[in-house]
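The values are calculated or read from the model by the stated rules, or taken from the named source; none is laboratory data. Keep in mind that this is a model prediction, so the values were computed, not measured. Cβ: placed from backbone, ideal geometry, glycine included. Neighbour counts: every protein chain shown.
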Amino acid sequence: MNFFKRLFKIGQAEAHSAIDNIEDPIKMTEQGIRDMKADLEKSLEALAQVKAMAIRAKNEMEMYTEKAKDYQQKAMLILKKAQSGGIDASEADRLAKEALVKKEQNQKHAGEAQANSEKFGDSVTQLEQNIGEIKQNISKWESELKTLKARVKVSKATKNLNKQMAEIDGSSTVSMLERMKDKVAQEEALAEAYGDIANTSKSLDEEIDKVIDTSDVQADEELAKLKEQLGLDKEE
C-alpha cells in the first residue's frame, strides 16, 4: 500500500481551496494525514484480529498435540492391560488401533494449527511493520505540515509586500520628489529675496538718518526753546 500517493490526490480537501490557481498544499497535506490516520486505525483493527487468530491457532496446536499424546498413552495402557490378562487381546488390539488412529488425526490437526499459527505470525509481523511505518509517516508529515504552514505565512507576507512595492509607480515618485525639490528651492530663494529687500530698506534709512543727523537738529530746537523760556535771547 502506497500511503504517499494520497498526499497528492486532488479534490480530497475543500473544493476550490487554492493559492494562485494551485491546490493549497496545506489542505492536501492535512487530507493526506487524515488518510494515513484512517489507514492506521484499520491496520490496528486488522492486527488485533490476526493476533487473535494466531493465538487461537497456537492454542489449537497445543490442544491437538496434547490429545495426540493422550491417545498414544491410552494405546499403550490398553496393550499393557491385555498383556496382564485384563482384556481380550483382540479387543485390546482393536481399541489400541482406534486410539492410534485418533492420535494420528490429532497430530494432523496439530500440524495444520501450527502452520496456521506460523502464517498468522508472519501476518502479525508484517502488519506491525506497516503500522510502524504509518506512525512514522504521520509524525513526519505532521512536522512537515507545521513547517509548511510557517512557510506559507512568510510567503504570503512577502508576496503582499512585494506586490505593494511593485504597484508603486517609480517614475511618478521620482517626479513628485523633483517637484518637491523645486518648490523647496523656490521657497528658499523667495525667503532670501525678502531678506535682501529688508536689509536694503534698513541700509537706506540708516544712510538718510546719517546725512540729516536728526538728533543734532532736535537738540538745537530744544535749546532755542529753552533759551526763549528763560529770556536769554532778549538779554543778549
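Tabulated data
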read-out: Odd one out for GLN136 among (1) loosely packed, with under 12 Cβ neighbours inside 10 Å; (2) modelled with pLDDT under 90; value: (2)
read-out: Condition met for SER84 (out of contact with any helix residue (DSSP H, G or I) (no Cβ under 9 Å at 6 or more places or on another chain) and farther than 18 Å from LYS108 by Cβ); value: yes
read-out: From GLU14, GLU41, residue being modelled with pLDDT of 90 or more and over 17 Å from the mean Cα position of the chain (by Cα); value: GLU41
read-out: Residue in the stretch 38-60 that is closer than 30 Å to TRP141 by Cβ, of a type in the set (S, T, N, Q) and either in the same structural domain as SER139 (by TED's automatic domain parsing) or free of Cβ contacts under 8 Å to residues at least 24 places away in the same chain (or both) present; value: yes
